[in-house]
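Colleague: Below is a structure I'd like to ask you about.
The values are calculated or read from the model by the stated rules, or taken from the named source; none is laboratory data. Worth saying up front: this structure is predicted, and the values here are computed from it rather than measured. Here the Cβ positions follow ideal geometry from the backbone for every residue, glycine too, while neighbour counts run over all protein chains shown. Side chains are part of the model used for accessible areas, which takes the heavy atoms of the whole protein and leaves out ligands, DNA and RNA. Shrake-Rupley method; radii C 1.70, N 1.55, O 1.52, S 1.80 Å.
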Amino acid sequence: MIESGQLILLISHKGKRYLRKLEAGGEVHTHDGKLLMDEVAEAGFGQYVKTHLGRPYLVLKPTLHDLIKGVKRQTQIMYPKEIGYLMMKLGIGPGSTVIESGTGSGGLTTALAWFVGDTGKVITYERRADFYKLAGKNLERVGLANRVEQVNQNIEDGFKHSGADALFLDVRTPWEYLHSIPEAVIPGAMCGFLLPTVNQVSELLRGLEDGPFADQEVLEILIRHWKPVPDRLRPDDRMVAHTGFLVFARYMEPPQAAPRPELDMDETETVAEAEPLAETPDVPTSDA
């Protein structure tokens with residue numbers, strides 16, 4: 001039995017997908033007819049329900065991959081192939097606080113909110129009001145809005161928040177905002193960036209080299225699917241190749257010189273007693 005308020009994924013026999021929140025007494029209208037939410041709830045995950053026209057639909061519990069692919073978008077979103085590596089590299093997990101800038105449609109924001117859990121927090125900045133509103137609707141739709149604080153603001157004047165465990169910038173000129181990062185994150189925090197072209201990556205690397213950053217890394221992630229047919233196993237004719245460059249660096253505070261230890265009077269006398277002055281050798285005197 002599926003409880004009211006849970007997310008469900010309905011898949012038709014032709015592969016058409018419907019991501020919905022289960023509502024008691026509700027209905028889902030498809031090209032194959034009407035599905036009753038009460039029948040979906042009674043059937044449960046992994047089972048089939050039929051529309052009023054008799055067409056079967058599979059009921060599944062959506063994964064994070066399903067949520068991201070189902071984001072309603074006005075912008076290009078990050079692909080799951082980049083998001084998985086990004087989460088591990090930034091160390092995102094339950095209880096993490098992460099700052100993001102460049103919310104867009106909220107694809108990455110959804111993934112961040114999923115990983116930080118109810119004890120963590122995602123703070124995401126977006127300067128465009130239309131993207132800000134769209135991302136908010138997408139987060140509400142998948143039930144993750146309570147883990148996210150949205151800020152409709154440009155980061156030109158810096159960040160309003162501090163003490164984040166990690167930071168990610170998906171903006172056109174991230175090198176212009178590097179000076180604001182130290183006040184936003186904790187020492188040693190991992191920072192990530194997404195850029196589409198090599199000249200932008202070069203500009204960012206110059207900025208990172210001039211600032212308090214270490215452990216720079218640049219990469220792209222390619223993925224090639226294979227045809228899952230045992231007797232004709234071979235790669236697909238098309239693949240998801242370059243979609244963007246990921247750049248990572250760790251913010252490091254400049255090292256401070258260790259203070260010299262101060263000796264008290266007793267220690268000073270002990271040192272003096274332990275190291276007596278050498279005797280002065282006899283110097284012959286000349287007769288006057």
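Colleague: Per residue, what accessible area does the stretch 15-103 have, given a 1.4 Å probe and all protein chains present, in Å²? Kindly include the intermediate steps, with their values, before the conclusion.
Modeller: Details: 4660 Å² over 89 residues.
Here the residues of the stretch 15-103 average 52 Å² of exposed surface.
Colleague: Past the 19 angstrom mark, what percentage of all C-alpha to C-alpha distances in the stretch 39-179 do you count?
Modeller: More than 19 Å apart: 55 percent of the Cα pairs in the stretch 39-179.
Colleague: A further question follows. In angstroms, what radius of gyration and Dmax does the stretch 42-94 have, counting Cα atoms only?
Modeller: Taking only Cα atoms of the stretch 42-94, I get Rg and Dmax of 16.4, 49 Å.
Colleague: Going toward the positive end of the dipole of the chain, with +1 on Lys and Arg Cβ and -1 on Asp and Glu Cβ, which of Leu195, Ala43, Gln74 do you reach last?
Modeller: Ala43
Colleague: Give me the distance between the Cα centres of the stretch 69-117 and the stretch 159-185, rounded to whole Å.
Modeller: 16 Å
Colleague: Take the Cα radius of gyration of the stretch 99-248 and divide it by 2.2 N^0.38 Å, with N its residue count; two decimals is plenty.
Modeller: Its radius of gyration relative to the 2.2 N^0.38 Å reference: 1.19.
Colleague: Moving on. A 21 angstrom limit on the alpha carbon distance is what I want to check against. Which of Lys21/Lys61; Lys14/Lys50; Lys21/Lys137; Lys21/Lys89; Lys69/Lys133; Lys61/Lys89 exceed it? Provide the component values of the computation, followed by the final result.
Modeller: Numbers: Lys21/Lys61 11 Å; Lys14/Lys50 14 Å; Lys21/Lys137 13 Å; Lys21/Lys89 32 Å; Lys69/Lys133 19 Å; Lys61/Lys89 27 Å.
Pairs exceeding 21 Å: Lys21/Lys89; Lys61/Lys89.
Colleague: Modelled label-to-label distance, Met239 and Thr197, 7 Å Cα→beta-carbon offset: nm?
Modeller: For Met239 paired with Thr197, the spin-label model returns 2.6 nm.
Colleague: With a 1.4 Å probe and every protein chain kept in, tell me what percent of the accessible surface of the chain is carbon plus sulfur.
Modeller: Values: 8780 of 17500 Å².
C and S fraction of accessible area: 50 percent.
Colleague: If you count the DSSP beta bridges with both ends in the chain, what percent of them are antiparallel, to the nearest 5? Walk me through the numbers before you get to the answer.
Modeller: On the way: 30 of 48 bridges.
Looking only at bridges with both residues in the chain, the antiparallel portion is about 60 percent.
Colleague: Per residue of the chain, what 222 nm ellipticity follows from adding -39500 (n - 2.57) for every DSSP H run with n ≥ 4, rounded to the nearest 500?
Modeller: The per-residue figure over the chain is -7000 deg cm²/dmol.
Colleague: Can you give me the solvent accessible area of Met239 with a 1.4 Å probe, rounded to the nearest 10 Å²?
Modeller: Surface open to solvent at Met239 totals about 90 Å².
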